[in-house]
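Where a number appears in this text, it was derived from the coordinates with a stated rule and is not lab data. What you see is a predicted model, and the numbers here were worked out from it, not measured in a lab. So basically every Cβ, Gly included, is an ideal-geometry build from the backbone, and we count neighbours across all protein chains shown.
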Amino acid sequence: MPKPFTPKVVTANHLLKGDVIYQTASGWTRDLAEAEVLTDEADAALRLIDATQQTGEIVGAYLADVDLCDDTPTPAHFREAFRSRGPSNYAHGKQETREHV
Amino acid sequence: MYRYTDFDAAFIKERNAQFRAQVERRIDGSLTEDEFKPLRLMNGLYLQLHAYMLRVAIPYGTLNSRQMHVLADIADKWDKGYGHFTTRQNIQYNWPELRDVPDMLDALGEVQMHAIQTSGNTIRNVTADHFAGAAADEIADPRPVAELIRQWSTDHPEFQFLPRKFKVAVTGSPHDRAVTKAHDIGLRMIEREGQAGFEVIVGGGLGRTPMIGKVIKDFLPREDLLPYLEAIVSVYNVLGRRDNKYKARIKITVHENGIEEIRARVEERYALIRPQFTGVDQQMLAAIESDFAAPKFKIKSLAPFEAAYTNDPVFRSWADTNLTAHRAPGYAIVSISLKAHGATPGDASSEQMRVMADLARAFAHDELRISHEQNVILPHVHKADLPALHAALKEAGLATANIGLISDIIACPGMDYCALATARSIPIAQEIATRFDALKLEHDVGPLKIKISGCINACGHHHVGHIGILGLDRAGVENYQITLGGDGTEDASIGERAGPGFSAEEIIPAIERLVLAYLELRTEPAETFLQTYRRLGLAPFKTALYPEAQADAA
């Protein structure tokens, strides 16, 4: 039996800044909490195709698993937790600043 | 030090201009990422977890104060005020923005540095003994040869699309500080019957299939070096596997075909191409050698050194730990530790870089080195200047007396930065260093190399650590495997896996049990961890690591 589809977000890196971004219904955000949560497999595939076509703005889009906490997406895997926060040796990256695309 | 010729300067300028145009075309949409990626990688630009990363070569680890100052300026202007020195004698900037990278490369070009071939399936930055030209045990300075190889390999038309990356290391000393046996090609400068030449080692490497290199040529006359290297890389270029990334390095080519077959093919190729090398390379080498002439060593009284050594215990501890014998009388090689307890191994702030640059100018004939162990070396310091040097280092937080000790840890960037990593390395290194500092045990433990990699690719050299730590992702949780008994010197060996891995919380206590067991097991304080391990094997260390297993078996 195929594994049930788990909630996902589309994530990538910003072309110019290189930092981590997440797809929203209308564009991109730097805050995972604002990302569009995809719960349908076919829909997720389409949203990913949509993202990968935005080659002038983003690099390396893929689907990342998320957990839902009161409908707010949080990282399901520790790699995504680091991406959503920044490195652990300095307070750099997202933990340093939060701004919108 | 080598100074760029007009040809070199024009080449770098042209190459940087090309890359600037490539970046512009990527931004304006003329190039897709698939088209741009190989171009940026050829120029050292990666995209990591949180940002771009620019990897700048420090050829054979040598730089002068002006270059170090520019590295600091770049860190301030286009990054976050620090740089990370790597196990391949490179510096990495973790936070550049794409538009700024061409300016960074131009700034580097101004001081004769670049990021060419620090990535991609090419011949990478050539590494060398960080004590080159200074070590008391050295036969010859390996850097002129390393520079010749840099020039030969840079933009070499035959070798821009090798099956996989290709790393060359050179040592001029019988004590191998360049880990030559873990490189695609390792060169050891030797002499036979008064003639200078090389022992050529091929097919070493770490990564997912660690291999100790094999001798392909036990004596290669010095003047035959480039044609012989070209023959090896040429054979690899044809024979190396392009069907499977994990089997593409030359270590697998040598392993699958056998060293005899590879040697025969290399000899055949060599015979064919040798006549094309008409001696121009040797003329170039002679010119390069004059650039590496030893500095004019001073003759001064050792009294200031002796007074400080006698009267200042902090200085004495540092001198006992961080100095290495120099070939010139009255001189010492100074290792500046970038491993302050709790700091990120290999990181230096721009301020620290400037302090080191200024100290190199004041006390060290304007030379600095970057070691593969992620420390900075001042290769030529007169002992009379050591007290003043030490005082200045102390002020900048750079006087940690731990070279070669348990807190002098190699750690790759791991999952704090690297897109390939499967677990973090840096926090593990920080915690081990902090823990043993708190225990006040590290000088008692003595020489012990811990090396940590955050994935199977082994940038942290864990296979050749006396204690190696490999971070993995086990079902979505960071997990750390321990290997024991590895060695990266002339007696190179690959560490043996100790058993099941440990969680991030368990790994520090596990290392502590291991080291305490060693203190119990050694015959005398002079018997090092590695010697004890070689005498006793894995069993007693395994008992210390897995006490529950022993209890269960009882």
Handout entry: Cα Rg over Rh - chain A, Kirkwood
Key = 0.96
Completion exercise
At 37 °C and 0.692 mPa s, the Stokes-Einstein diffusion coefficient in µm²/s for region B:142-290, with hydrodynamic radius from the Kirkwood sum on alpha carbon pairs, is 211
Problem - Extension gain from B:Asp218 to B:Thr5, taking 0.36 nm per residue of separation minus the Cα-Cα distance - result: 73.3 nm
Practice task
Take the Cβ-Cβ distance between B:Ala294 and B:Glu490 as r, set R0 to 22 Å, and report the resulting FRET efficiency rounded to the nearest 0.05.
Solution key: 0.35
Handout entry: Sequence-separation-based contact order of region B:410-553, relative, with Cα cut under 8 Å and 6+ spacing, percent
Key = 18
Fill in the blank from the handout: Using the Kirkwood radius over Cα pairs of region B:403-528, the Stokes-Einstein translational diffusion coefficient at 20 °C and 1.002 mPa s, in µm²/s and rounded to a whole number, is 149
Completion exercise
With a Förster distance of 30 angstrom and the Cβ-Cβ distance between B:Tyr246 and A:Cys69, calculated FRET efficiency to the nearest 0.05 equals 0.20
Practice task
Find how many whole Å separate the alpha carbon centroid of region B:464-492 from the alpha carbon centroid of region B:61-100.
Solution key: 28
Exercise for the section: Work out Dmax and Rg for chain B from the C-alpha atoms and quote the Rg first, both in angstrom. Expected result: 23.1, 74
Exercise for the section: With an 8 Å cut-off on Cα pairs and a minimum separation of 6 or more residues, tell me the relative contact order of chain B in percent. Expected result: 12
Practice task
Along Cα→Cβ, 7 Å out, is where each label goes; now give me the distance between the ones at A:Gln53 and B:Asp73 in nm to one decimal.
Solution key: 4.6
Problem - Rough spin-label spacing in nm, given labels placed 7 Å along Cα→Cβ, for A:Ala45 and B:Asp28 - result: 3.8
Exercise for the section: Holding the Cα-Cα limit at 30 Å, pick out from B:Lys13/B:Lys217; B:Lys13/B:Lys181; B:Lys167/B:Lys339; B:Lys214/B:Lys296 the pairs that are longer than that. Expected result: B:Lys13/B:Lys217; B:Lys13/B:Lys181; B:Lys214/B:Lys296
Fill in the blank from the handout: With B:Pro540 itself left out, Lys, Arg at +1 and Asp, Glu at -1 over residues whose Cβ is under 12 Å from its Cβ give +3
Completion exercise
Per-residue ellipticity at 222 nm attributable to helices in chain B (runs of n ≥ 4 DSSP H, -39500 (n - 2.57) apiece, nearest 500 deg cm²/dmol) works out to -12000 deg cm²/dmol
Handout entry: Cα Rg over Rh - region B:194-251, Kirkwood
Key = 1.05
Handout entry: Net charge contributed by nearby residues that have their C-beta within less than 10 Å of B:Leu484 (K/R +1, D/E -1)
Key = +1
Completion exercise
B:Ala392 neighbourhood, Cβ < 15 Å, K/R = +1, D/E = -1, net charge -2
Exercise for the section: Using θ = phi - 60° and the Karplus relation 6.51 cos²θ - 1.76 cosθ + 1.60, list the HN-Hα couplings for region A:8-20 in order, rounded to whole Hz, with x at every Gly or Pro. Expected result: 9, 10, 8, 10, 6, 10, 6, 4, 7, 7, x, 7, 7
Practice task
Identify unpaired cysteines across the protein assembly as shown, taking unpaired to mean no other cysteine Cβ lies under 4.7 Å from the residue's Cβ.
Solution key: A:Cys69, B:Cys418, B:Cys455
Fill in the blank from the handout: Per the helix-only model, chain A has a calculated mean residue ellipticity at 222 nm (DSSP H runs of ≥4, -39500 (n - 2.57) each, divided over all residues, rounded to the nearest 500) of -6000 deg cm²/dmol
Practice task
With no solvent and one equal point scatterer placed on each C-alpha of the protein assembly as shown, evaluate the Debye formula and give log10 I(q)/I(0) for q = 0.08 Å⁻¹, two decimals.
Solution key: -0.61
Problem - In nm, spacing of pseudo-spin labels at B:Ile139 and B:Glu524 (7 Å Cα→C-beta vector) - result: 3.2
Exercise for the section: Summarise the partner chain shielding of B:49-56 as one whole number: the mean count of Cβ atoms from other chains within 10 Å of each residue's Cβ. Expected result: 5
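Where both residues lie in chain B, what percent of DSSP beta bridges are antiparallel, nearest 5?
80
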Practice task
Take the Cα of A:Lys3, step 7 Å along the line toward its Cβ, and report every residue of region A:62-92 whose backbone nitrogen sits under 11 Å from that point.
Solution key: A:65
Practice task
Would you mind pulling out the separation of the Cα centroids of region A:37-68 and region B:364-405, in Å?
Solution key: 50
Practice task
Would you mind giving the mean number of other chain beta-carbons within 10 Å of the Cβ of each residue in B:27-40, as a whole number?
Solution key: 2
Exercise for the section: Note down the relative contact order for region B:303-395 as a percent, whole number, built from C-alpha pairs under 8 angstrom at least six residues apart. Expected result: 32
Practice task
Could you please state, rounded to a whole Å, how far the C-alpha centre of region B:502-528 is from the C-alpha centre of region B:160-199?
Solution key: 33
Completion exercise
For B:Val477, placing the label point 7 angstrom along Cα-to-beta-carbon and taking region B:399-433, residues whose amide nitrogen sits under 17 Å are B:423-424
